[in-house]
Every structure is written in C-alpha cells, then in structure tokens.
2 protein chains.
Amino acid sequence: MPAQVLGREKKEVTFPDMRFFFLPEAPPTSLGLWTPPVDLMKHLRALRCGDGVEFLLLDLEQNAWLAKTSGRAQIELLGDTQPPSHKLHRIELATAWPKQKRAEELMIRACESGVAVIQPILYERSIFGRDPLSKKQLARLKKLARECCQQLGNVQLPEIRSQPISLAKWLEQSSSSTRICLRPGASALSDLWSGLKTEAIEFLVGPEGGFTDDEIQATDAAKIQAAGLSPNILRIEAAGPMAAGICQNLALSRMRHHP
Amino acid sequence: MPAQVLGREKKEVTFPDMRFFFLPEAPPTSLGLWTPPVDLMKHLRALRCGDGVEFLLLDLEQNAWLAKTSGRAQIELLGDTQPPSHKLHRIELATAWPKQKRAEELMIRACESGVAVIQPILYERSIFGRDPLSKKQLARLKKLARECCQQLGNVQLPEIRSQPISLAKWLEQSSSSTRICLRPGASALSDLWSGLKTEAIEFLVGPEGGFTDDEIQATDAAKIQAAGLSPNILRIEAAGPMAAGICQNLALSRMRHHP
C-alpha cells in the first residue's frame with residue numbers, strides 16, 4: 001500500500017477540479033519520476049499538457065496518486081492521495097447480453113449512466129452471451145470503459161462480470177439491493193422511486209424476444225417489482241443504462257432535498 | 001389523399017398490436033396488389049412473414065395503410081386506415097452537433113427517447129456542424145431513424161433540420177414549448193418537472209467545450225431554466241436523448257396519475 005510506504009498525510013482532491021487517468025495497476029512508488037504505460041503518455045500529449053500540469057492517477061482498487069507532467073516520456077509522482085469521491089447512486093445491471101458491437105455500446109452507456117456492476121444473465125430466449133466473455137472481449141470492454149469514464153469524469157469504473165448466470169441462479173442469490181425487473185407497460189420507474197427502501201438498485205433486463213411466461217412467473221414469485229421506462233420498446237444496450245440514468249437524475253433530486 | 005379516393009371508413013389500429021413500416025412516399029393506390037420499395041420486401045423476408053400476414057404502412061405525413069404479404073415481390077394493400085397513436089411526450093432537441101459517427105448515435109438515441117425534432121445549434125465553441133448537413137448525411141440519418149423506429153415500435157420519426165442556426169437566432173425564435181438549458185451542476189431535471197407549464201419541452205444542449213460566459217448570460221437573459229442530468233459530464237449524443245428519456249418516464253408517471 002503506497003499510503004503506508006510514504007506515511008505522509010493524504011491530500012484531498014475533488015473531481016472535477018482535476019483530470020484523472022486510470023492505471024491498470026499501482027505504480028511501484030508514490031514519489032519521483034516514473035515511466036507510466038505508453039497509453040497515458042499518448043493521452044497527455046493528445047491533451048497538449050505542458051510540463052508541470054497536475055493530474056490524478058487511479059488504480060482499480062480505490063487508490064489514488066497525485067502526479068504532474070515532466071517531459072515527453074516520464075511523469076513525476078507527487079505522493080498518494082484520497083481517491084476523488086463521486087455522487088453516483090449505486091446501480092447494478094443484471095442484463096441479457098447483446099452481440100459484440102452492441103455490447104460495446106452497452107458498456108459505453110453504462111459508464112455514462114454511472115452503473116457500478118454489469119452481470120450478464122442467461123434467459124430462455126437469449127441469443128448471445130451464452131458463453132463467458134473471452135479474455136479479448138473483456139479486455140476490449142474494460143479499455144472502452146476506462147477511456148469513457150476518464151472523458152466523462154466518472155471515477156467509478158463499472159465492474160463487468162465475465163461469467164453469465166442463469167435467471168434462476170440470479171434469483172436464488174441474496175441481495176441487499178432493491179431488485180426491479182424492467183418490463184414494457186409496467187408502472188413508470190419514476191413512480192416506484194419514492195417507495196424504494198434501499199439506496200442500491202439492481203435492474204433486471206430481459207432478452208430481445210422478451211421474458212417467457214415462466215420467467216415472468218419466477219420474478220413475480222421472487223416478489224421483484226416491475227417498472228416501465230418508455231412507450232418505446234428499448235433494445236438491451238439502451239434499456240439498462242436508460243433505467244440507471246433515470247435513477248441518477250432522481251437521486252440528484254433527492255440529494256438536493258435531503259442533502 | 002388515398003382516404004378520399006376510396007371513401008370507405010377508416011379502421012382504427014393500435015400499436016404495438018401490429019408491425020409497421022415507413023414508406024418514403026404514399027403508394028399510388030390504397031387497394032390491391034402493389035410492388036413496394038425493395039427494402040420493404042427484404043424486411044418482410046428477413047422477418048420470415050408468410051403469405052397473409054397483416055401490417056401497417058406509414059408515410060411521413062401521418063397517413064397509414066393496412067396491407068398484407070402476398071408472394072415474394074408484391075404486397076396487397078387493404079385500404080387506408082388511422083395512423084396508430086403514440087403516448088410520447090413532445091420533446092425537441094436544440095443541440096450542438098457531433099461528428100458524423102456520433103451524429104448517427106445521436107439519431108439512434110433520439111429515436112429511442114421519442115424525440116420529435118432535432119435542430120442543430122451553432123455555438124462559439126462548436127467544432128462540427130458549422131455547415132448544413134449534406135444530402136448524403138441527411139439521407140443516412142433518415143434511413144437509420146426509420147429502421148430504428150420500426151424496430152422500437154416508435155411511430156413518431158424524429159424530424160431532423162439540416163440547417164444549423166446560431167444560438168442567438170434560436171433565442172430570438174418564439175416558441176410555445178418550455179425551453180430548458182442542460183447545464184452540469186444545475187438542479188435535477190426531475191425537480192423542475194412538476195413545475196413545468198407546457199406539455200412540450202425544448203432542450204438546449206451545449207458543445208463539448210461547454211457554453212461560453214456570454215452564451216450562459218444570453219440564455220439567462222432569455223429566462224431559460226437550467227437543468228442537470230447526472231453527476232457525470234455527458235457527451236452531445238448522450239445528453240439530449242438522456243434528458244428526453246427522463247422526461248418520457250416522468251410523463252408516463254404523470255399519465256398514470258392523471259389519465
């Protein structure tokens with residue numbers, strides 16, 4: 001833990017005051033010149049950052065470092081710091097899986113809507129996503145997520161679970177979140193909002209062909225509430241992120257009233 | 001007007017009971033065998049529609065025809081009918097323009113969120129969209145919109161205005177809609193909702209670099225309310241459709257309470 005190595009007090013930094021970049025792993029030291037991954041140097045050059053511009057580095061375990069630009073191949077680490085806080089509502093998607101190009105779109109939209117976890121679910125009518133995501137697919141989705149979150153100022157990278165689970169298995173898992181099944185024609189999500197008892201929400205998103213009658217019965221038996229989003233029928237990559245985006249807006253509103 | 005040619009009573013058809021397809025222009029007759037555009041026959045084959053399957057044809061002027069499949073090259077027109085009604089809230093986007101690939105994404109998301117009109121706006125910091133959309137760009141966006149709306153069951157094709165206008169000109173135009181400027185950090189859109197006085201809403205979406213101080217002053221002087229969407233900073237193609245999607249959900253809720 002770099003924090004302990006240094007033993008100095010952590011500075012608090014608030015986004016969006018300062019740009020940040022994700023690192024695939026922690027730097028070997030917290031202080032001094034360091035040659036970071038090539039991607040990061042490319043980014044800094046693309047942004048035309050001159051010498052001495054400060055920014056944050058974040059790893060995937062909530063560690064953060066302050067750094068500044070220093071020449072074309074290295075950066076200077078200025079010590080570890082508090083990871084920036086975010087004001088996102090905790091939202092997980094348990095979702096049918098679209099095919100590759102549209103899975104990338106799902107990832108991008110999930111970053112925009114501040115989704116915390118994406119869990120692929122297998123339904124009777126699932127066409128894609130029957131196998132675990134390959135290493136290559138996962139790496140591609142993670143790279144997209146890092147780039148997208150950096151650009152949007154979203155410090156919460158969505159966690160992607162590569163192993164799909166069946167609806168039955170998902171229903172068996174205990175969860176401390178409120179689970180909501182997205183179903184066209186059900187009451188509007190914004191109507192359910194004020195009655196929700198937990199801060200965290202998990203949305204269940206069905207496959208293109210819709211839930212089967214058995215699947216509907218199983219979610220009803222598990223007392224999962226249903227919510228509708230729009231008069232339009234949304235595709236997989238649109239539905240979950242739209243639900244999450246609506247919640248983030250309703251949560252902003254709640255924060256204003258009960259800060 | 002095919003309705004007058006025939007002089008028979010219009011049948012009422014409700015979506016989503018029946019599939020529909022958009023036609024670039026009205027068929028020459030309302031009754032009998034007709035060879036439609038090749039695209040439509042391809043669609044019907046891709047959907048594996050056998051003979052005798054009924055569907056709707058819609059032109060871009062709110063006319064509708066009932067038709068059924070009849071062989072591989074022709075369809076049978078069964079007369080004109082009421083265009084299906086939709087339950088979308090009326091939302092217009094006055095938006096900065098992203099570059100081509102992302103303009104396509106904007107179009108798709110606008111269809112999903114039930115946007116009625118897209119008007120490109122020129123800002124001081126606009127990078128793309130300074131020229132009118134070319135015929136080719138416009139045709140591409142319209143084709144995407146038709147395909148997307150058909151798939152989502154959205155009978156309201158968004159109207160795209162190909163000529164960008166400056167923010168100043170937009171502010172001068174009179175409008176019967178409530179105009180809302182999307183600004184990061186402003187009160188949540190869902191907070192403004194209950195106080196809105198008109199059914200129709202126009203969202204103003206700024207460029208990637210943000211509004212200039214002068215632009216903020218101009219929208220404030222025009223007494224345009226500001227609203228925020230999310231703790232994340234959204235890109236052009238995400239912001240307007242997200243705002244529209246939030247409104248469609250809040251409107252669903254309003255309909256339930258005051259049907």
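The values are calculated or read from the model by the stated rules, or taken from the named source; none is laboratory data. Remember, it's a predicted structure, so these values are computed and weren't measured experimentally. FYI the Cβ positions are ideal-geometry reconstructions off the backbone, even for glycines, and counts take in every protein chain you see.
A compact table of results
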{"item": "Output for the range A:149-165, where each listed residue is within 14 Å of chain B (Cβ to nearest Cβ) and under 10 Å from the mean Cα position of the chain (by Cα)", "result": "A:CYS149, A:ASN154, A:VAL155, A:GLN156, A:LEU157, A:PRO158"}
{"item": "Contacts under 6 angstrom Cβ, first residue in the range A:226-237 being more than 13 Å from B:LEU252 (Cβ to Cβ) and more than 7 Å from chain B (Cβ to nearest Cβ), partner crowded, with 24+ Cβ neighbours inside 10 Å and basic (Lys, Arg), 6 or more apart", "result": "none"}
{"item": "Any helices (runs of 4 or more DSSP H) falling wholly within the range B:160-259 and containing at least 2 residues that are loosely packed, with under 15 Cβ neighbours inside 10 Å", "result": "B:167-172, B:213-221, B:236-257"}
{"item": "Conditions (1) away from chain A (no Cβ under 14 Å); (2) among the polar types (S, T, N, Q); (3) more than 20 Å from the chain's Cα centre (by Cα): number failed by B:THR198", "result": "(3)"}
{"item": "Filter result (surrounded by 19 or more Cβ atoms within 10 Å (Cβ to Cβ) and touching a strand residue (DSSP E or B) at 6+ places or on another chain (Cβ under 6 Å)) within the range A:56-68", "result": "A:LEU56, A:LEU57, A:LEU58, A:ALA64, A:TRP65, A:LEU66, A:ALA67"}
{"item": "Verdict on A:GLU105 being touching a helix residue (DSSP H, G or I) at 6+ places or on another chain (Cβ under 8 Å) and over 23 Å from A:LEU23 (Cα atoms)", "result": "no"}
{"item": "Residue count for the range B:76-101, restricted to those that are more than 30 Å from B:SER177 (Cα to Cα) and touching a Lys or Arg at 6+ places or on another chain (Cβ under 7 Å)", "result": "5"}
{"item": "Matching strands (runs of 3 or more DSSP E) fully within the range B:35-118 where at least 2 residues are under 22 Å from B:LYS143 (Cβ atoms)", "result": "B:54-58, B:64-70, B:91-95"}
{"item": "Counted residues, the range A:150-185 - those being farther than 29 Å from A:ALA221 by Cα and touching a residue at least 12 places away in the same chain (Cβ under 8 Å)", "result": "8"}
{"item": "Positions within the range B:117-137 being buried (at least 19 other Cβ atoms within 10 Å of the Cβ) and either out of contact with any strand residue (DSSP E or B) (no Cβ under 6 Å at 6 or more places or on another chain) or within 14 Å of another protein chain (Cβ to nearest Cβ) (or both), in sequence order", "result": "B:TYR123, B:SER126, B:LEU133"}
{"item": "The lone exception for A:LEU152 - which of (1) crowded, with 18+ Cβ neighbours inside 10 Å; (2) in contact with a strand residue (DSSP E or B) (Cβ under 9 Å, 6 or more places away or on another chain); (3) not aromatic (Phe, Trp, Tyr) it fails", "result": "(2)"}
{"item": "Pick from the range B:201-223, criterion out of contact with any helix residue (DSSP H, G or I) (no Cβ under 8 Å at 6 or more places or on another chain) and of a type outside the set (Asp, Glu), ranking: farthest from the other protein chains (Cβ to nearest Cβ)", "result": "B:ALA221"}
{"item": "Residue that is modelled with pLDDT under 95, in the same structural domain as A:LYS135 (by TED's automatic domain parsing) and under 20 Å from B:HIS89 (Cα atoms), where the choices are A:GLY209, A:GLY185, A:GLY228, A:GLY245", "result": "A:GLY185"}
